[in-house]
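Okay, structure first, notes after.
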Amino acid sequence: MDHIRAVDRTFGIVVALALVAVMAFGVQRTDAAVTEAQAEAAAERGANWFAAEQETTGALSGDWGMTALAATGTNAADVRAGLVDPSAQDFYDDEYGTTGLGGAATDSERAILAGSAGGIQTSRASVSRNMVAQVASFWDGTQVGATGLLNDDIFAALALDRVGAPQSMLDEIAHYVRGKQLPEGGWSWSNSPSATPETDMTGAAVAVLCETGADPQTDPAIQRAFAYLHTVQDDATGGFAVPPWTPVNTDSTGWVASGLIACGINPQSPEWTTADGKTPFDYLLEMQKPDGRFCWDNFTTCEGSAAYATWDSVRPLAGDTWSAEPPEREVASEPAVRPAPSVAAGTIVPIALTIDYGNGESDMCKIEVPADGDLKAALEAAPATAEPQGCVTESDISSAADGESLEQLNGVVPAAGSRWLVSVGGGPEEAATEEPIAFGDMLSLRLEGEAVQPIHPPTLEPKGTGETTATRQQIEPRARLSAARRASFKGGKVLARVSCPDGLGPEGCVGTVTIRYRQGGKVWTGGQAAFALNSGASRQVSVRVRPRLAKLVEKTGRRSVSLVAMTQSSMGAEAFEHSTIRLVSRPHGR
């Protein structure tokens, strides 16, 4: 179903420019912080909303919904619309294994985080689909996926950490992410050094650093990130905004709270309690409706994607980040993790290969190997099947009574007292292994000690730029913002037509239309409206002009302003479209 493939609108949603007014507004609480019992109850109500909205096919409002269920103790295999209907786990296991996902790195990264929470073995989705191996195929020797993006690197680290990738590979990606911190202290979804810091991605980047071993109390990059995040926390609500376009909202607040939790920090600690006595959890609870869903930024209208707002709120309120362990089943004898499909020995299957050269350099790739074959068969198949190419160029294997040993890999021969170690499927590292390499296993190789000659890992040749149609949509939005070049200033409102492209499913596009203008050397916001559109739909959005701008137009008769349409995806990507118009005051008497 299209809406499932598009749920990571990190590369789809971003294309359509449909947006909605953003006025953080809700029922003010009188207490200063949320108790643990209140947080848990709110999270459970939010997760129950996904179950209540489930379709008879088993589909939730998006596969991320499985993370909300898991965070609150419900296994996706136990959630179904009717007694004989497929479960949420049934639906997404089939989705991942047959229809597949998009072609961007984040599609597989999202599937790993959401699917693992739903009890799905995403490395064994089907004989031909291994999401972990697919992420590995996007490594180019330096970074993951599209070179113009950073969110695919951030979520690669989070996803690979979830499935137990070697620390050396996680460190390599984290080092790259660390190097992309912007001068203001935050990170952006974009890889451009001139990008604007983005609150959501800063929360996720902080999580990467902490989950790969950084100490949040002493790490300078994390401390700079915290300083930046304090500047975008709203005193009155405790929530977080994304300046300059996006106001305080649940998605951003949930992502920051998740980043803090990943660092072992309570989002309600004194450091994250505002001068007005508000915490991020205070804001999240203010935005929850009685039916359990969370609103994005406006409790009264509750426009925008309730699904995104809800799963991004439920996880931190339940104490989790971007994923969770699959809970026990309602029937204790039922498996929490879905059994993988059976595969005949010798069937060619994709697996993830990681290589640690022991000198601070690591590589990974996807290779195709015979299921249940040995180490020699796997490495002999690697040169011809590896993505990216060049990951394995040559290898020598010796056999003895205690198993197979790797004598050299890519020309790297261990020096005396050193050796190559092999780990299969997350098992112990061994110098000699008899372990068969099964369907969906991760094969990890590490040089312990020194090499005879200086190590020069082969140059990798990525299968492409990594910038598929889906990823290009993040950078070059396809959605359109239409407005007359000259508009009469009627009733204090400006009308703009926004449209959402086909192929994004029923959740379509979510974002804001903002009026911006310049006065006195500063750029001001003259109005903002939010909206949500179904895929393929378009409509007029009415943006109410703020009094300051209205007075300027009435006084001068006309004023040039910019309309800016912004969409933001579930994994932090943003897309903008601009249109310059001239506002003209209505002649008196008409």
Run the quick spin-label model on R558 and S418: label points 7 Å from Cα toward the beta carbon, then report their separation in nm to one decimal. 7.4
Quick one, what does Rg over Rh come out to for region 31-317 if you take C-alpha atoms and the Kirkwood Rh? 0.96
Per the 1/(1 + (r/R0)^6) rule, R0 = 35 Å and r from the Cβ atoms of I455 and S128, FRET efficiency to 0.05 is 0.55
Can you grab the distance from the C-alpha centre of region 113-175 to the C-alpha centre of region 196-265, Å, no decimals? 22
For region 511-550 and region 49-93, what is the separation of their C-alpha centers, rounded to whole Å? 36
Just subtract the alpha-carbon distance of D94 and E429 from 0.36 nm times their residue separation and send over the number in nm, one decimal. 117.3 nm
Express in nm, to one decimal, how much length is gained between E330 and L495 on full extension, taking 0.36 nm for each residue of separation and deducting their alpha carbon distance. 54.3 nm
Convex hull volume per residue for region 348-448, taking Cα atoms only, in Å³: 87
With θ set to phi - 60°, apply the Karplus curve 6.51 cos²θ - 1.76 cosθ + 1.60 along region 368-382 and write out the HN-Hα couplings as whole Hz, x wherever there is a Gly or Pro. 10, 9, x, 4, 6, x, 9, 4, 4, 5, 5, 6, 5, 7, 5
At 7 Å along Cα-to-Cβ for each site, give me the label-to-label distance between D235 and S399 in nm. 7.5
Calculate the spin-label point distance for D291 paired with E271, positioning each point 7 Å from the Cα along the beta-carbon direction, and give it in nanometres. 3.9
Cβ neighbours within 10 Å, averaged per peptide: list 69-77, 214-222 in order, most packed at the top. 69-77, 214-222
Amide H contacts under 5 Å for A451, placed H, 5+ residues apart: A415
Using amide H atoms built 1.01 Å from N in the peptide plane, name the residues 5+ places from E404, or on other chains, whose amide H lies under 5 Å from its own. T433, E434
Any chance you could run the full-extension gain for H175 through V84? It's 0.36 nm times the residue separation minus the Cα-Cα distance, nm to one decimal. 27.9 nm
Give me, ordered by chain and number, the residues 5 or more places off G373 or on other chains with an amide H under 5 Å from its own placed amide H. G346, I437
Under the Karplus relation 6.51 cos²θ - 1.76 cosθ + 1.60, θ = phi - 60°, what is the ordered set of whole-Hz ³J(HN,Hα) values for region 285-291, x standing for Gly and Pro? 5, 5, 9, 9, 7, x, 7
Which of the aspartates and glutamates could a cross-linker span from K289 if the Cα-Cα distance has to be under 20 Å and same-chain partners fewer than 8 positions apart are dropped? D31, E36, E40, E44, E53, D251, D297, E303, D312, E507
May I ask you to evaluate 6.51 cos²θ - 1.76 cosθ + 1.60, the Karplus curve with θ = phi - 60°, for each residue of region 108-122 and list the ³J(HN,Hα) values in order in whole Hz, giving x for glycine and proline? 6, 4, 4, 4, 5, 5, 6, x, 5, 5, x, x, 9, 7, 5
Could you compute Rg(Cα) / (2.2 N^0.38 Å) for region 314-368, with N its residue count? 1.80
Mean-position separation - Cα centroids, region 295-374 and region 443-460, in angstrom: 29
Taking every other residue with Cβ under 11 Å from the Cβ of G358 and scoring Lys and Arg +1, Asp and Glu -1, one gets -2
For E36 and D215, what does the FRET efficiency come to when R0 = 25 Å and r is the distance between their Cβ atoms, rounded to the nearest 0.05? 0.45
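Values quoted throughout were computed directly from the atomic coordinates according to the rules given, and no laboratory measurement underlies them. Quantities reported herein were computed from a predicted structural model and do not represent experimental measurements. Positions of Cβ are backbone-derived with ideal geometry, glycine not excepted, and every protein chain shown enters the neighbour counts.
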